[in-house]
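The values are calculated or read from the model by the stated rules, or taken from the named source; none is laboratory data. A quick note: this is a predicted structure, and the numbers were derived from the prediction, not measured. Glycine gets a Cβ as well: all are built from the backbone with ideal geometry, and neighbour counts include every protein chain shown.
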Amino acid sequence: MIITLFVIYVIIILGTIFSVLLYGNSPIRSLSWVLIIITIPILGVLFYVVLGINRRKFKFFQLNFSTKRSLYDFKHKREKNDNFSNNVDSEKIKKLEVLMSKSSGFPAVEGNRINLLKNGKDTFEEIFKTLEIAEKFIHIQYYLIEEGVLLNKLINLFALKINEGVEVRLLYDALGSNNLKKRTIEKLKKIGVDVFSILPLNMKSLLTTINYRNHRKIIIIDGITCFTGGVNISDKYIEDSPDLGVWEDIHLKVKGPLVDHLHRVFIKDFYFASNKELLNENKYLPKKNKVGESLAQVVVGGPDLKYVSILYQYTAMIDCAEKSICIENPYFIPNKMLLEALKMAVLRGVDVQLIIPKKTDNIIAKYSMYANFEDLLSAGVTIGVLQEGFLHSKLIIVDDEIASVGSGNFDYRSFEHNYEMNTLIYDNEIAKELSNNFKKNRVNCLILDYDSFKKRSLKQKLLEGFARIFSPLL
């Protein structure tokens, strides 16, 4: 009996390793999985099934939710072909716009008004002020919705607006919002909110869905105004916490044609979570007029797409830089392609600057980030460690001309597993405003010195090496 079980286990191990070698995305990541499968009995295979399978290539493990989303895209393909246009003169912008349009599905559109919201206090003040004047519907989608002052205020506002005849729909990620109490969800439903979790955590689908989270942040009011970016619904953005301080992030308030594209992302996710279709050109997608001068583009990423569009976006932005690259990111764990792109940018004379937080909510991610710093510092990348608060921004600015704000981190999870959404902004004024904010943060940073960093302790280097093994799995 023992011999039979051992033979079965060996066959499973060999089959799993065969899958890693045949369908792996990269040699480093494949090697990491092979080591985990061999060194961690039974659990190693389980970890691979949950966290490691490349479902874009391995059709046997194609998920039902990916198929469902793809069918939705096919059914509503015509609705994406709107009449909005853009007049792009810059070859740099034109190449980036075409790449993202073909890999992500949305072209850039002009005539938008985009306001920057640079901290949680300003973000939620503007959100609540706009929600209060909603007349038709409020659509909200967040990765993290957390119990607290903000959520209570939001629920009270929902009750008021529903009594006025406003439709309210709410999506939340089941894992990101796992602390959301059942009685809170019931209260939302009782007051009339149409609320659904995305990829709920249940025994039937847990193993195949837990690794695929919806990380997007969207609020649509009446199909006219949208809020999007990196801020979640959590008191962490407005109150000082003892461990990380106040979370710092950037959000956008958008009006104009881009709202239509942002809303279509929500509509697709709502259909997926609820099986309810909202595509209605008159009510939910009203005709948009140009209200500003900004050219902007929605970039979506997810395991249901053919291309890793968030990775393509960041790599293309780095490659097109001529003068400067400014990056803020709390989980800066780039793959080999991005690391080489950054080093090549420095070598061709581009000023590359990175800001990360000193404090972090993920210790393995912290050491994984530091594992790449000696190489980047040696190449000439400037790395600043923000000393106060927790920097949660996912920001990249190129040449003070192009900027990206959104939910996508510089890590494998955002590239391969999460449903993400960034807003690419082709606007000099907005890019410069973000650049000025970046410079203000840099003043409060400890700038790492290459010679000093090389002398870090052996313990630090070992922890970085250990974390590096797991970085492709984060």
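Is it fair to say Lys217 is over 16 Å from Gln141 (Cα atoms), modelled with pLDDT of 95 or more and surrounded by 13 or more Cβ atoms within 10 Å (Cβ to Cβ)? So that I can check it myself, show each step before the final result.
Details: over 16 Å from Gln141 (Cα atoms): no; modelled with pLDDT of 95 or more: yes; surrounded by 13 or more Cβ atoms within 10 Å (Cβ to Cβ): yes.
So Lys217 does not fit the description; no.
All conditions but one from (1) closer than 29 Å to Tyr143 by Cβ; (2) buried (at least 18 other Cβ atoms within 10 Å of the Cβ); (3) acidic (Asp, Glu) apply to Glu401; the one that does not is (1).
Checking region 428-443 against the condition returns a match, with at least one residue being under 19 Å from Gly230 (Cβ atoms), touching an Asp or Glu at 6+ places or on another chain (Cβ under 6 Å) and surrounded by fewer than 23 Cβ atoms within 10 Å (Cβ to Cβ).
Just one of (1) at pLDDT 95 or above; (2) over 21 Å from Leu386 (Cα atoms) fails for Ile397. It is (2). Residues of region 119-172 that are touching an Asp or Glu at 6+ places or on another chain (Cβ under 9 Å) and part of a helix (DSSP H, G or I): Gly120, Thr123, Val149, Leu150, Leu151, Leu157, Leu160, Lys161. Every residue in region 304-323 that is assigned to a loop (DSSP other than H, G, I, E, B) and surrounded by 19 or more Cβ atoms within 10 Å (Cβ to Cβ), please. Within region 304-323, Asp304, Leu305, Val308, Ala321 qualify. If the Cβ limit is 6 Å and pairs must be 6+ apart or interchain, which residue in region 162-174 that is among the aliphatic types (A, V, I, L, M) pairs with which residue that is assigned to a strand (DSSP E or B)? Note: pairs meeting the criteria are Ile162/Val168; Val168/Ile138; Leu170/Ile140; Leu170/Val195; Leu171/Gln141; Leu171/Phe196; Leu171/Ile198; Ala174/Ser197.
What are the residues in region 270-291 that are crowded, with 18+ Cβ neighbours inside 10 Å and either free of Cβ contacts under 8 Å to residues at least 60 places away in the same chain or closer than 21 Å to Leu131 by Cα (or both), if any? Phe270, Leu278, Tyr284, Leu285, Lys288, listed by residue number. Among residues of region 74-101 that are outside the structural domain of Glu401 (by TED's automatic domain parsing) and farther than 16 Å from Leu424 by Cβ, those with a beta-carbon under 9 Å from a residue that is acidic (Asp, Glu) and at pLDDT 90 or above at least six positions away or on a different chain give the pairs Asp82/Asp260; Ser85/Glu110; Asn87/Glu110. Is region 211-218 home to any residue that is outside any loop (DSSP other than H, G, I, E, B) and within 14 Å of Phe124 (Cα to Cα)? Taking every residue of region 211-218 in turn, at least one turns out to be outside any loop (DSSP other than H, G, I, E, B) and within 14 Å of Phe124 (Cα to Cα). Residues in region 363-370: is at least one more than 17 Å from the chain's Cα centre (by Cα) and modelled with pLDDT of 95 or more? No, because not a single residue in region 363-370 is more than 17 Å from the chain's Cα centre (by Cα) and modelled with pLDDT of 95 or more.
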